1. Which ones in segment A:20-59 are without any contact (Cβ under 8 Å) to a residue 24 or more places away in the chain, surrounded by fewer than 19 Cβ atoms within 10 Å (Cβ to Cβ) and within 14 Å of another protein chain (Cβ to nearest Cβ)?
2. Tell me, yes or no, whether segment B:113-129 has at least one residue that is in a loop (DSSP other than H, G, I, E, B), touching a helix residue (DSSP H, G or I) at 6+ places or on another chain (Cβ under 8 Å), surrounded by fewer than 17 Cβ atoms within 10 Å (Cβ to Cβ) and on the phi < 0 side of the Ramachandran plot.
3. With the condition being of a type in the set (Phe, Trp, Tyr) and not assigned by TED's automatic domain parsing to the domain that holds A:Pro143, I'd like the strands (runs of 3 or more DSSP E) fully within segment A:154-236 carrying at least 1 qualifying residues.
4. Out of all the residues in segment C:155-213, which are among the charged types (D, E, K, R) and over 27 Å from the mean Cα position of the chain (by Cα)?
5. I'd like to check which helices (runs of 4 or more DSSP H) are fully inside segment C:202-261 and have at least 1 residues that are buried (at least 16 other Cβ atoms within 10 Å of the Cβ) and in the same structural domain as C:Ser297 (by TED's automatic domain parsing).
6. Those residues that are away from chain C (no Cβ under 13 Å), surrounded by fewer than 12 Cβ atoms within 10 Å (Cβ to Cβ) and charged (D, E, K, R), I need them from segment A:257-284; list them, please.
Amino acid sequence: MSYILAKSKNEDILKAGECGGAVTSIFKYLLDEGIVDGVLALSPHDDVYDGIPTFVTNSEDLINTAGSYHCAPTMIGDLIQKYFADKKVAVAVKPCDIRSIDELIKRHKINPDNIYTVGLNCGGTVSPVSGRKMIDLFYEASPDDVISEEIDKGQFIIELADGSEEAVKIHDLEKEGYGRRNNCQRCDVKIPRKANIACGNWGAEDGWTFIEINDDKGQKLIDGAKKAGILETKSPNEAAIEGRAKVEKIMIKMSKKNQEATYPLVNEVEEWNRCIGCYACRDVCPICWCYKNCELSKSYFKDDIIASPMPIAFQGVRLSHMSFSCVDCGQCDDVCPMDIPVSLVFDKLQKKYQNRTGYLAGVSDDIKPPLYSPDKVEL
Amino acid sequence: MSDEIKIVGLLCNWCCYGGADTAGTARMQYPHNIRIIRVMCSGRINPSMIFKAFEEGADGVFVGGCHIGDCHYDAGNYKWSRRAKIVQDIIEEFGIEKERFRFEWISASEGEKFQKTMEEFHTTLSKLGPLELE
Amino acid sequence: MFEIKHTLCPSCSVGCGINVILDNDEVVGTFPYKRHPVNEGKNCLNGRNSVERFNDKIGSDIDLDKAIMEISKEINDSDKVTVLLSGNNSLEEASAIKSFSDENNFNIAFYADDLGNFEDVASYNDVENASNVLIIGDILCENPLVGRRIVHAKQNNAKIFSNIKAEKSVTANISDEVSSSSVGEFLDKYSNLDDSSVIVFNTVDSAEDLDKIRNSGLKVLPVYSKPNTKGVLSIVEDNSKDELIEVLNDTDVLLVVNDNIVDEIDFDFKSISKIISLSAFENDTTKISDIVIPIKSWLEYDGSFVNAMGDTQNFSGVLESDVSSVFEIFEKINN
């Protein structure tokens, strides 16, 4: 593991990318050298609030994916598993993306040799529709005028077309029920250390990307991009490394506080009685990969559901199958037509499991979830 | 209303089921509320079976397996022991008291332990009353 | 090539956005469209399954020219031709069908779930901000993304009163009061609610109920079963089930455009001598049709739907297709 500061040597990328454009440059290198078949990254469709996973095969199109999209809470893990199994893919990953990829690798659903993962440090994401409403309510600017957003120093910052910026404290936004998604508020994995490299602006000088190189593959990526002449690097000073560590520490501390505040609420969840049994939470879950073979589709769980399924016989079964691998990506909350806070109980149970076994989903090294282990060990 | 308490018991063929048998042949009295389902090994029990039992109206679920080290299939009861912890974790999040789910290691010769366990479990459940799930 | 594209959900009139996943120009799944203001990436099971209908697409291996000739002959020979519009037709299609029918002096029929037409309808925001919500039908289960707005209303301290015939339902679970009486009695019971109350319904017992709803003075949101029923209502008047049966009794040639009327009304369709279906997908109506012509599905053309609250939403085709559009078929028939 080592740290570097990196910056693109390509003028266009430098302009379009965030803080140095290192991520886009590394993708360009991988595509141009033919190391990967394509790059899976977000690009905006309708506007900056509408980041959509896009498969780029021509490095000239990469420029559309440059920049960060905090209002695009997407999930990449299951896409790779379902649609890119036979391709070499480079992919930009938030911590929850790489955690889901890691869990799928452990389940032999993704071949780690086929993917290059460029991690993005993540302070959290915002749901697009509520994000727009939030900007409308708390900012002078209209949500339509925003050209990019940024989370930095505890603030949600929007940048407008004329170059001006406006910032509001995340804490104030979240107090009013806006700001980051609920699962992001309690997420305590901010740096994707299971990705080959983890990139971000924490601790970085202006115009540079701070990169933590996590493994040999990551080192080769950087060396290759440098050799190809698209990336320049330098060593960060001690203060930068400390600054970054401090940002991470503060963020995790905030998350722990939110965990303490929200986990006890699970027992009070009354929302289950409006579950319409549509299985959207299961179908969107990156860890649930059994699809048609899901136990919940078996006749003994499907019959006689007239109104809401009983939570123990629906979420209980899902929890027993995969809660120990929950990466708290919050997709289940996002897609629930009834706004049931599904992810809270899954995340809480993964934390219970972690306390019991030390296993943190998608982060713990080289071991299977202990529930799968054939070892003669009791918990 | 202790007579209406419903207990579902999932007992491993090689040990606990034998234990229940031993209790029966020795004419040891134990609460009749338990409905025994014989399984080949505690290692084949999924948490979902326990949940299904609660959904279908069980007030308590009991699982009996071989003592650790005695599994007929070498490690089945280790696997079950890990799953059992998950079951405990999950049920309490959905308003089912932890005490309504119990698992024990009982060998084929331990008729008395089976009897005692059933009596204890029955007492616990009687105190808790019938399970009401929404 | 992997692509994700925006479109609208065709499975009811709520007007949810849905993302379609394409792999080598084949529809392989859906992806949440979180930017869409109606549903924020949430889709019900029907919505997520809507793209699976693509597997029931009618093959384009028919002799189109011959079929068109046959249709021309049938509709020219008869003076009792009825054209059935559908809430599945886009606004543009519906207008074209109407002109086609008018030019040829055909009868035009349109069934709007017996829910009638309401000029002013409540918006989804009106539902969220209502003081009371009267629900008729199991809206939470059948139209979950409007149901969600009712849940929000409840969180905003609205009182929820529902009228549902089934013994158990999710809608009942969130309601303050539930009745299974007739819709008429139900409306009478809650006749003096304040004017920020909203009636949301996807079924009624009779036409009198619609009058009662109209006269209630409250904001009203009828939720139709098809994506553009509201839009088609701005082009033609709807027929009640009884009126429709009367029209069909007096029909020799029935031209159905992208609809599955057989499943919706109880009528002996064998009494009609020729049924012609223009349809993208196989259904019970195409099965009994004498002539079936494949047309583009909503995934293959650009158009617009008007959702239950009256918003016109445009959508773009996500797939190229050489299947004819409704417009092309009509042009051919007219020639």
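The values are calculated or read from the model by the stated rules, or taken from the named source; none is laboratory data. Since the structure is predicted, the reported quantities are computational estimates derived from the model, not experimental observations. Backbone-built Cβ (ideal geometry, glycine too); neighbour counts: all protein chains shown.
1. Correct list: A:His45, A:Asp46.
2. Looking through segment B:113-129, none of the residues is in a loop (DSSP other than H, G, I, E, B), touching a helix residue (DSSP H, G or I) at 6+ places or on another chain (Cβ under 8 Å), surrounded by fewer than 17 Cβ atoms within 10 Å (Cβ to Cβ) and on the phi < 0 side of the Ramachandran plot.
3. By residue number, A:209-213.
4. Matches in segment C:155-213: C:Lys159, C:Asp176, C:Glu177, C:Glu185, C:Asp188, C:Lys189, C:Asp194, C:Asp195.
5. C:229-233, C:241-249
6. Looking only at segment A:257-284, we keep the residues that are away from chain C (no Cβ under 13 Å), and these are A:257-269.
Within this subset, residues satisfying the condition of being surrounded by fewer than 12 Cβ atoms within 10 Å (Cβ to Cβ) are A:260-261, A:264, A:268.
Matches in segment A:257-284: A:Glu260, A:Glu268.
Condition check ((1) without any contact (Cβ under 8 Å) to a residue 24 or more places away in the chain; (2) under 25 Å from A:Ala90 (Cα atoms); (3) not small (Gly, Ala, Ser)) across all residues:
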{"site": "A:Gly224", "(1), (2), (3)": "no, yes, no"}
{"site": "A:Asn237", "(1), (2), (3)": "yes, no, yes"}
{"site": "A:Ala240", "(1), (2), (3)": "no, no, no"}
{"site": "A:Glu248", "(1), (2), (3)": "no, no, yes"}
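Residues are listed down the side, and each one gets a yes or a no for (1) surrounded by fewer than 22 Cβ atoms within 10 Å (Cβ to Cβ); (2) at the interface with chain A (Cβ under 8 Å from one of its Cβ atoms); (3) over 13 Å from the mean Cα position of the chain (by Cα):
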| site | (1), (2), (3) |
| --- | --- |
| B:Met49 | yes, no, no |
| B:Glu56 | yes, no, yes |
| B:His67 | yes, no, yes |
| B:Ser81 | yes, yes, no |
